[in-house]
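Peer 1: Pasting a structure here, questions to come.
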């Protein structure tokens, strides 16, 4: 288990530790990214990627990639990165990290945008806002294997709706990003969350939630 960052309102840390259950022991981590809280972290299978968060209400649009094998941090590009935020969500698709939503100062100022970070080429691609749900923060997000489902959160009030986001391949990607459905210019990659449907893409089938509202 890897823990990193956090702290009190005026005493944030950029330190962390690695816990090994088999030996019930902790090992300290190298400290590189700026201390912060309310950031997100995903595990890729060999490294932890942290992004966003804030210090004294100043949001970050930066992050870092930590590899426990060599106790080393790698910087992430800021080119094309989403605006700084906290209270956002992040999921790992198997090839990229998708961050979405969040806020800058309070729940009255929320994002309905995000970004897809591709660590293999250290690149950000913006998420499409076509048909994106209402901006929100402190919502839940999960990766189903073909789509990101977001639900709940807060904006001007608490929200009881959600949507699914199906990442689409970028024309200039250098590696395959498997689409979960064909792109429809009328609806974009966002669908209101609901039951699944199956479609054929390049000779294979992929499932993606159909356009039905969550109740």
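Bear in mind that the values in this text are calculations on the coordinates, not laboratory data. As the structure is a computational prediction, the values presented were derived from the model and not from experiment.
Peer 1: Between residue 27 and residue 142, what is 0.36 nm times their sequence separation minus the Cα-Cα distance? Round to one decimal in nm.
Peer 2: Here the segment from residue 27 to residue 142 would lengthen by 38.5 nm.
Peer 1: Using 0.36 nm per residue, how much length does the chain from residue 15 to residue 2 gain when fully extended, once their Cα-Cα distance is taken away?
Peer 2: This chain segment gains 3.6 nm when fully extended.
Peer 1: Something else about it: So how long is each side of segment 1-157 along the principal axes, counting just the alpha-carbon atoms, biggest first, in Å?
Peer 2: Projected onto the principal axes, the Cα atoms of segment 1-157 cover 47, 37, 30 Å.
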